[in-house]
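Encoded as structure tokens, the structure appears first; notes follow it.
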Amino acid sequence: MKQAVEQLKEQFLNDLQDVYSSDGLQQVRDTYFSRKSGRITLLMRQLGKLSPEERKEAGRLVNELRDFAESLFAERQQALRLQDEARRAESERLDVTLPGRRIKPGSEHPIVRVKQRIEDIFVSMGYSVEDGPEIDTTFYNFDALNIPVGHPARESQDTFYIDSELALRSQTSNIQIHAMQKRRPPIRIIAPGKVFRRDNPDPTHNPMFFQVEGLNVAEGIHMGHLKGTLQIFLEKLFSQSVRLRFRPSYFPFVEPGAETDFSCIFCKAESDCRVCKGVGWIELGGSGMVHPNVLSACGIDPKKYSGFAFGFGIDRMTAMLYGVDDIRNFFSGDLRFLEQF
Ligand code: FA5
């Protein structure tokens with residue numbers, strides 16, 4: 001028995017010496033201490049087969065071996081645990097002297113910024129901000145706007161059709177109709193939003209761009225109200241006085257209709273002006289008095305009520321305000337461009 005104890009002790013020491021992981025520890029535990037087949041357990045079981053005299057001495061030896069092995073095992077277990085902890089602490093160590101990673105704050109897109117500025121100005125004049133569908137039926141896109149079947153504006157060369165009934169709106173004027181169906185006069189709304197046209201991209205055209213629609217319907221509204229409203233709007237936007245002029249123009253949903261220009265705020269008609277090219281006027285967009293047919297289509301009595309409407313492009317206005325010479329830049333996704341705002 002003495003020899004068997006010595007041999008087992010030696011093997012145990014060898015095995016424990018080779019242990020560097022918790023898996024290895026588990027293996028040693030199973031090999032030597034498992035209740036069913038542990039080698040030290042089996043040795044203890046053999047004690048029962050010995051005579052009482054032999055058992056006394058052998059029992060002492062085996063018990064000593066077990067106590068010795070258990071305490072060595074516990075030491076090794078503790079050493080490995082400390083080693084693991086030290087390794088983990090090292091791998092998670094933070095070097096507080098390293099320079100930080102700069103967080104780049106985003107900023108509002110310039111078109112969003114100008115859109116919000118336009119909204120603020122009109123809200124301060126008693127208008128509310130209206131939203132409407134970007135995909136709309138031919139009724140809202142054309143019929144109710146007095147754009148008859150056969151009118152070029154309905155052509156598929158100009159409009160993105162989804163099917164024969166639905167199209168991406170090509171102007172925000174569809175929101176006039178939704179607003180007049182929902183509300184009764186007095187109605188005072190502006191409606192900024194995306195519009196879509198089959199235009200070839202160039203420095204002043206995009207197939208997707210932003211417009212803002214304005215509508216004011218009440219008793220006794222006339223062109224003077226339109227002119228005064230747009231003038232106050234522009235003066236608030238540019239923080240300086242401007243003049244306004246109307247050039248007769250045709251839009252099926254207004255009568256009379258006009259292209260609306262304002263005096264150049266950059267040059268006062270100097271010949272080399274980058275913005276107005278020396279003309280002295282900058283185009284704002286279309287406007288006019290809401291056509292009686294449009295009021296009627298929305299159930300508003302044109303004999304009692306009248307209204308003005310306008311619509312202009314936010315992209316070109318933003319380009320002018322920030323000195324950008326190509327509106328395609330706004331949607332290029334190029335951060336070097338966008339970070340300037
Ligand atoms: C209209 O869209 C009318 N709905 C405006 C209107 C509303 C008139 C209410 C009367 C009453 P127009 O097609 O001219 O009008 O477009 C208005 C503005 O949109 C233009 O002045 C221009 O600034 C802008 N615009 C037009 N096409 C493009 C384009 N492809 N890319 C960028 N901006 C554009």
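Quick one: is ILE175 more than 24 Å from ASN329 (Cβ to Cβ) and either within 13 Å of the ligand (Cβ to nearest atom) or charged (D, E, K, R) (or both)?
Working: more than 24 Å from ASN329 (Cβ to Cβ): yes; either within 13 Å of the ligand (Cβ to nearest atom) or charged (D, E, K, R) (or both): yes.
Yes; evaluated as a whole, the condition is true for this residue.
Just checking, how many residues over segment 120-136 are without any contact (Cβ under 8 Å) to a residue 40 or more places away in the chain and either loosely packed, with under 15 Cβ neighbours inside 10 Å or touching a Gly at 6+ places or on another chain (Cβ under 8 Å) (or both)? Show your work before the answer.
The initial filter retains those residues of segment 120-136 that are without any contact (Cβ under 8 Å) to a residue 40 or more places away in the chain, namely 120, 123, 135-136.
Among the residues that remain, those that are also either loosely packed, with under 15 Cβ neighbours inside 10 Å or touching a Gly at 6+ places or on another chain (Cβ under 8 Å) (or both) are: 120, 123, 135.
Residues in segment 120-136 being without any contact (Cβ under 8 Å) to a residue 40 or more places away in the chain and either loosely packed, with under 15 Cβ neighbours inside 10 Å or touching a Gly at 6+ places or on another chain (Cβ under 8 Å) (or both): 3 in total.
Considering (1) at pLDDT 95 or above; (2) more than 12 Å from the ligand (Cβ to nearest atom); (3) assigned to a helix (DSSP H, G or I), say which one LEU237 fails and leave the rest.
Unmet for LEU237, out of (1) at pLDDT 95 or above; (2) more than 12 Å from the ligand (Cβ to nearest atom); (3) assigned to a helix (DSSP H, G or I): (1).
Which is within 25 Å of the chain's Cα centre (by Cα) and farther than 23 Å from CYS298 by Cβ, of GLU134, GLU108?
Details: GLU134 fails: farther than 23 Å from CYS298 by Cβ.
Every option except GLU108 fails the conditions.
Condition first: touching a residue at least 60 places away in the same chain (Cβ under 8 Å), part of a loop (DSSP other than H, G, I, E, B) and within 27 Å of the chain's Cα centre (by Cα). Can you find one or more residues in segment 145-152 that meet it? Break it down into steps so the answer makes sense when it comes.
Taking segment 145-152 as the starting set, the residues that turn out to be touching a residue at least 60 places away in the same chain (Cβ under 8 Å) are 145-148, 151.
Narrowing the set further to residues that are part of a loop (DSSP other than H, G, I, E, B) leaves 146-148, 151.
Checking which are within 27 Å of the chain's Cα centre (by Cα) leaves us with none.
Looking for residues that are touching a residue at least 60 places away in the same chain (Cβ under 8 Å), part of a loop (DSSP other than H, G, I, E, B) and within 27 Å of the chain's Cα centre (by Cα), one finds none in segment 145-152, hence no.
From ILE162, ILE190, which residue is of a type in the set (A, V, I, L, M, F, W, C), assigned by TED's automatic domain parsing to the domain that holds CYS276, modelled with pLDDT of 95 or more and surrounded by fewer than 17 Cβ atoms within 10 Å (Cβ to Cβ)?
Working: ILE190 fails: surrounded by fewer than 17 Cβ atoms within 10 Å (Cβ to Cβ).
Result of the check over ILE162, ILE190: ILE162.
Return the residues of segment 204-251 that are touching a Gly at 6+ places or on another chain (Cβ under 6 Å) and over 19 Å from PRO192 (Cβ atoms); say none if nothing qualifies.
Across segment 204-251, the qualifying residues are ILE221, SER249, TYR250.
Part of a loop (DSSP other than H, G, I, E, B), more than 12 Å from the ligand (Cβ to nearest atom) and touching a strand residue (DSSP E or B) at 6+ places or on another chain (Cβ under 8 Å) - does that describe any residue in segment 318-332? Spell out how you get there, then give the answer.
We begin by selecting, within segment 318-332, every residue part of a loop (DSSP other than H, G, I, E, B); these are 323-326, 332.
Then keep just the ones that are more than 12 Å from the ligand (Cβ to nearest atom); that gives 323-325, 332.
Those left that are additionally touching a strand residue (DSSP E or B) at 6+ places or on another chain (Cβ under 8 Å): none.
Checked segment 318-332: no residue is part of a loop (DSSP other than H, G, I, E, B), more than 12 Å from the ligand (Cβ to nearest atom) and touching a strand residue (DSSP E or B) at 6+ places or on another chain (Cβ under 8 Å).
Which of the residues that make up segment 111-131 are more than 29 Å from the chain's Cα centre (by Cα) and among the β-branched types (Val, Ile, Thr)?
Here is the first cut: in segment 111-131, the residues more than 29 Å from the chain's Cα centre (by Cα) are 125-126.
Correct list: empty.
Going through segment 288-305 one residue at a time, which ones are within 15 Å of the ligand (Cβ to nearest atom) and within 15 Å of LEU215 (Cα to Cα)?
Selection gives GLY288, MET289, VAL290, HIS291, PRO292, VAL294, LEU295, CYS298.
Which residue out of ILE118, ILE177 is touching a strand residue (DSSP E or B) at 6+ places or on another chain (Cβ under 7 Å) and not in a loop (DSSP other than H, G, I, E, B)?
When all the criteria are applied, what remains is ILE118.
Within segment 252-287, take every residue that is near the ligand (Cβ under 9 Å from one of its atoms) and in contact (Cβ under 8 Å) with a residue 60 or more places away in the chain and give me the one that is farthest from TYR140 (Cα to Cα).
Going through the qualifying residues, I end up with GLY285.
Looking at ARG76 and the list (1) at pLDDT 90 or above; (2) under 60 Å from the mean Cα position of the chain (by Cα); (3) surrounded by fewer than 12 Cβ atoms within 10 Å (Cβ to Cβ), which single condition is not satisfied?
Going through (1) at pLDDT 90 or above; (2) under 60 Å from the mean Cα position of the chain (by Cα); (3) surrounded by fewer than 12 Cβ atoms within 10 Å (Cβ to Cβ) one by one, ARG76 breaks only (3).
Go through segment 306-317 and give me each residue that's more than 6 Å from the ligand (Cβ to nearest atom) and not in a strand (DSSP E or B).
Of segment 306-317, the ones more than 6 Å from the ligand (Cβ to nearest atom) are 306-308, 314, 317.
Passing the criteria: ILE314, MET317.
Six or more apart or on different chains, Cβ under 7 Å: which pairs go from a residue in segment 166-186 that's in contact (Cβ under 8 Å) with a residue 24 or more places away in the chain to one that's among the charged types (D, E, K, R) and within 12 Å of the ligand (Cβ to nearest atom)? Could you list them?
SER170/ASP158; SER170/ARG197; THR172/GLU213; SER173/GLU213; ILE175/GLU213; GLN176/GLU213
The values are calculated or read from the model by the stated rules, or taken from the named source; none is laboratory data. Predicted, not measured: the structure shown is a model, and the values here were computed from it. As a convention, Cβ positions derive from the backbone with ideal geometry for all residues, glycine included, and neighbour counts pool all protein chains shown.
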